[in-house]
Amino acid sequence: MTKDAIIKDFEAIVGSDNVMTSETDRHTYSYDAAVLDSVMPALVVRPTNSEELGKTVKLCNDNGLPLTVRGAGTNLSGGTIPHPGGVVVLTNGLNRILEINEQDMYAVVEPGVVTAKFAAEVASKGLFYPPDPGSQTVSTLGGNVAENAGGLRGLKYGVTKDYVMGVDFWDVDGNLIKSGSRTVKCVTGYNLAGLMVASEGTLGVFDKLILKLVPPVLAAKSMMAVFPSMKAASETVAAIIANKIVPATLEIMDNFTIRTVENFRKAGLPTDAAAMLLIEVDGHPAQVEDEAAKVEEICKQNSASEIKIANDAAERDAVWQARRDALPALANLKPTCVLEDATVPRSQIPAMIAALDEISNKYNLTIGTFGHAGDGNLHPTILTDKRDTKEWQRVEEAIEMIFDRALALGGTLSGEHGIGLAKSKFIESETSPGTLAYSRRMKSVLDPKGILNPHKIIG
Amino acid sequence: MADIHQLATMLKELDDQLVGCMRCGMCQAVCPLFAQTGKESDVTRGKLALLDGLASEMLKDPEGVNEKLNRCLLCGTCQANCPSGVKILDIFIKARAIMTGYFGLSPVKKAIFRGMLVNPKLFNHLLSFGSKFQGLFTKKADDMLGSSCARFQAPVIGDRHFKGLASKPLHKIVPELDTPAGKSGKKVAIFVGCVIDKIYPNVGEATLKVLEHHGVGVFMPAGQACCGIPTISSGDTSSFDKLVEENLALFEKGEFDYLITSCATCTSTIKELWPSMYQGSSANRMKLRDLAARTMDISEFLVDVLGVEPAKVGGNKTVTYHDPCHLKNSLGVTAQPRTIIKASSGCEYKEMAEAGTCCGSGGSFNIAHYDLSKKIGDRKAENIVNSGASVVATSCPACMMQITDMLSQKKAGVNVKHVMELYAEGLR
C-alpha cells in the first residue's frame, strides 16, 4: 500500500485532524526526555476512543508499520523515541477517568489521564493514589504503568506496579485482551497485567487500567537531618529500617546538591553539611509521633549534627521544596543534565555513594547525588554539555561504570526510569543470556512482525 | 529571502539558550494552548525542538517552523515554571525577529507598524476618524460591559463582542500633565499605552484621580507612542527601535521618581524588552536600563511605595481578580492588585479558580487564532462566573477586552473593571 493510501486509512479511523504528517509535527514527536538523538516518525496518530485505538494498532500491524505509543513523552530512557519511519500513537486523547469506586477502592481510567490530575480527583473523594513520579503533573498513567514509574513514596507505598489490578490492552492483531480484575484477589490464569507493567509498549497497547486506591494518610511528620558525611547519612538510612520503621519518604542529598539548591533558592540549608536526609513518617497520629521520635533518636545516634522537625504545613513544605528543587537547581548549572537511576540494595548505599565519588573523580565530571535512599534508588546527576564531544565521551563511559558498579553491588540497571533505548545494550549484564532469549521468544510470539516499540528493552 | 543555511546560521545564535531545555516536558502542565490542543508543537518543548532542528539543518521547512512559532500567546507561563530556568520568551522573541528578517514582514503588518504605529500623530488621527464612523458597522451587544458586535458579517471581527474606540481618547481629555509632588513627596511619569488611551480612557482618568488623591506629582508628556510590543512580537525590530526612541525622547524631558503604567503589557515591555531588545546606541541602552529599573505597575507603586493597605470595611459587591500574564509571569506582581481591590470601598474580594491562567488574548494571537483564543477565554469566563463575583477586575486593558468578549457572548452578567477604576470609585 502506498504511503498516501495508508494515511487515508488512518484518517478514516481517527479523522484527518488527528493524523499528523508534516515535517514539523513529526519532528516534535521524535524525542522524549532522555538525552538521546531524535528519530523522525513517518506519521503521528491520535486516537480519541478505544475503538479508534484498536483499529490503529491493527492497521499498523497489517502494514508492518513500527508503532510507538506515547503519553506525555516524559520518560528518561528513550522508551518513546519512535522507530525510524514508524508511527507514533498518542494517548492524550484517551484521557477519561471512567470510574472511581469508593466502596471497593479502585479506579478505571484510560491511559492518557495525567497522573497528578487523577491523584487530585481521587483525593477529592477521600482516597489516595500513592505513586508520585517527579513528572506527575504531566506524565500519564499509561506511561507510568508502561515504565513502572516510581517516586518519593516508593519505600513505604511501593511503585506503580503495586497499584495495577488490571490492564485491558490491544494485542498487535487488534484483539482486546482483558487481564486482572476489580477484585483485591485474582489468580485466574497467567498474570498478564503483571506482564504488561514495565513492558514499555513492546507487548501491547493499553486501552484501560484498573488501579488500586488506598485510604488517605491521617497524619504525617517531616524532618530534615544534617550529617557530617554521606557514609553517616546512608548508615542512618539502614539503621532506621533495621529499627522496623518504614518512613513514607526517606531522601538523601549530597553536599554539592545542598549547596546548589541553596544557591538556587535561599532557604537556609546547611551548605557546609556533607549530607542531608529528608524524612517523612505517616500513618495514625499516635504512630507518627512515636516513629518521628525514634527516627530523631536514630539520627542523633548516627552523628546527625542538626535535626529540624517541621511543625506546620509551611515548614513541611519548606522541607520538601528543598528536595523538589534538587533537579532544577542542578539543571541550571550546565546545558546538559543526565539524571541517572542507580539502584542498589539499601545496605549498599554507602558503597554506591563511594563508587559515585570515584567515578566522578576518574572521569573528571561534576556529579550531584540525591535520591530515594530509603529504597536504594539514587539519582546521580551528571552535569555536562553534550556539545563538548570529548566530555560527552567521558559521560558515556561514566554512565556505563555507574551501571557496572550498581550491578556489582547486587543492584539493578533501573529503579524507576525503565530500560528503553538508553539501557537496552546493558540488559544482558543484569539478566542472563537465557533470560534474554526467553524474553525475546515471548516477544516474538506476541508480536511476530516486531512492530510494537521495536528495539526497546531487549534490543 | 536568504537561503535556509543562512537562516540556520542565524538561529545558531540561540544555541546556548536552546541547549538549556532538558526536554522534561513540564511546560505541558501549564501551557494554556497545549491544554486546548494537546499537540507537542503547541507547547514550548516542541517549539524549542523545532528551532533547534532548523538551526541544526535537520528540518527543511522554515515556513512550518515559523507557523508553529507564531502559535503562542507569549504568556510566559512556561518560563515562570520551567525547571531549567530557560529564558523562553527571550528565545521566542529573538527567533521571531530572525524569522521576520528571513521571510520579511507581511504587507498588512508593514502598513500598520511602519506606516501608522511609528507615527503617533497619524495613528491618533486615523483612530479618531475611525471612532466617529464605527457606529455604522457595529451595534450594541451588552450595555453593562459596553460591548458591541458587527452589524454585518465582517471577516476580521467575526462574532467578537468588543469594546469600541472611545469617543474621546485620553490624550484629548488630558493632553499632558506636569504637576509637582504633593503630600506623598513622590512624582511619577505615566506611560498611558494605546489601549487605555483609545479604548479605556476612563482607566487613565481613574489612574490620575488615584495619584492625585495620594498627592503624587505626575509627568505625562503629550505625543506618547506605542510601547512596541506588537512590533517586537512580530519580529519587526526596526519599528520597535523607533518606538522606543520616540518614547525615550519624551520621557527624558521630565523629572520623576518612577515610571508608572496601568497596563501590565506596557509595564513588562518597558521593564524587560526595552533594555533587552533595543538595538540602537549604547547611550540609549543605558538610559533604558535606568528607566526600566524605575518602571512599575500602578498597584505595585501604590502598595510597595505609598503603602496603601486594605480597608477594614465590608463590601456590597463581590470582586474577583484575573492575573494578567505580563504581571504575574513576567514581573511576579500578584499580591498588590489584590491588596488594592481589598482597599477599594464596597468591594468584597473572592479568589477565582485558575486566576493566574492566561485569558487567551495574546495580542495578535487573538487575531490570527481566534478559535483557540476563544476556547482559552471561555475557560477563564467559566472560572469568573463560577467564582460568584459580580465584577472581575484586572490590571491589563488587553485582558479586559478579551474577558469582555467572553463574558458578553455568554451574557454572564459580570462586569469587567480595571483595578484602578474600582479603587478610584471609592475615593472622594
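Taking the charge dipole of the protein assembly as shown about its Cα centre, with +1 at Lys and Arg Cβ atoms and -1 at Asp and Glu Cβ atoms, the residue from A:Leu327, B:Cys358, A:Ala72 reaching farthest to the positive side is B:Cys358. All distinct Cα pairs of the range A:72-197 go into the 1/r average, and the inverse of that average, the Kirkwood radius, is 15.4 Å.
The residue among B:Cys82, B:Cys21, B:Gly46 whose Cα reaches farthest toward the positive pole of the charge dipole of the range B:4-104, with charges on the beta-carbon of Lys, Arg, Asp and Glu, is B:Cys82. Which one, A:Ser303, A:Asn148, A:Ala293, is farthest towards the positive end of the dipole of chain A when Lys and Arg carry +1 and Asp and Glu -1 on their Cβ? Checked the options; the winner is A:Asn148.
In the range B:170-304, inverting the average of 1/r over every pair of distinct C-alpha atoms gives 14.9 Å as the Kirkwood radius.
The calculated pair-distance distribution of the range A:316-361 uses every alpha carbon pair, bins of 10 angstrom beginning at 0, and gives 21, 35, 40, 3 percent. Spatially, the range B:53-107 and the range B:221-274 are offset by 23 Å when compared through their Cα centroids.
Remark: relative contact order (the range B:178-245) = 39 percent; criterion is Cα-Cα distance under 8 angstrom and separation of 6 or more residues. Placing unit charges on the Cβ atoms only, positive for Lys and Arg and negative for Asp and Glu, gives the range A:219-408 a dipole magnitude near 300 debye about its Cα centre. Scanning chain B for DSSP H helices at least 15 Å long along the axis (C-alpha atoms) with a Kyte-Doolittle mean no lower than 0.0 picks out B:44-55, B:88-103, B:120-137, B:237-251, B:397-410. Take the accessible area of chain B alone and of chain A alone, subtract that of the pair, and you get about 2300 Å² summed over both chains, using a 1.4 Å probe.
Over 23 Å apart at the Cα level, from the set B:Lys328/B:Lys417; A:Lys178/A:Lys212; A:Lys231/A:Lys334; B:Lys121/B:Lys253, are A:Lys231/A:Lys334. For chain B, the Stokes-Einstein estimate of translational diffusion at 25 °C and a viscosity of 0.890 mPa s comes to 110 µm²/s, using the Kirkwood hydrodynamic radius over alpha-carbon pairs. Summed over the residues of the protein assembly as shown and divided among them, the accessible surface reaches 40 Å² per residue at a probe radius of 1.4 Å.
Of the three principal axes defined by the Cα atoms of the range B:88-172, the extents in descending order read 44, 29, 24 Å. Dipole magnitude for the range B:291-428: computed about the Cα centre from +1 point charges on Lys and Arg Cβ and -1 point charges on Asp and Glu Cβ, it is near 220 debye. Taking the DSSP beta bridges with both ends in chain B, the antiparallel portion is around 30 percent. Going by accessible surface with a 1.4 Å probe and the largest first, B:Thr231, A:Thr21 read A:Thr21, B:Thr231.
Working from the Cα coordinates of the range A:246-380, the gyration tensor eigenvalues give, after taking √(5λ), semi-axes of 26, 18, 13 Å in decreasing order. When shorter helices are ignored and each DSSP H run of at least 4 residues is given -39500 (n - 2.57), the per-residue value for chain B at 222 nm works out to -13000 deg cm²/dmol. For chain A, the longest principal axis of the Cα atoms and the long axis of helix A:3-14 meet at an angle of about 70 degrees. Mind jotting down the distance between the C-alpha centroids of the range A:275-316 and the range A:23-57, whole Å? The range A:23-57 and the range A:275-316 have Cα centres spaced 45 Å from each other. Restricting the calculation to Cα atoms, chain A yields a radius of gyration followed by a Dmax of 22.6, 72 Å. Given a 1.4 Å probe and the protein chains as shown, B:Leu145 ends up with an accessible area of around 10 Å². Restricting attention to the protein assembly as shown, close to 70% of DSSP beta bridges with both partner residues there are antiparallel. Just the Cα atoms of the protein assembly as shown, one point each, no solvent: what log10 I(q)/I(0) does Debye give at q = 0.10 Å⁻¹? Per q value, in the given order, log10 I(q)/I(0) is -1.22.
The values are calculated or read from the model by the stated rules, or taken from the named source; none is laboratory data. Computed from a prediction, not measured in an experiment: that's the story for all the values here. Neighbour counts are summed over all protein chains in view; Cβ atoms, including those assigned to glycine, are modelled from backbone coordinates with ideal geometry. Heads up: the accessible areas ignore ligands, DNA and RNA and are worked out on the full protein's heavy atoms, side chains in. Shrake-Rupley method; radii C 1.70, N 1.55, O 1.52, S 1.80 Å.
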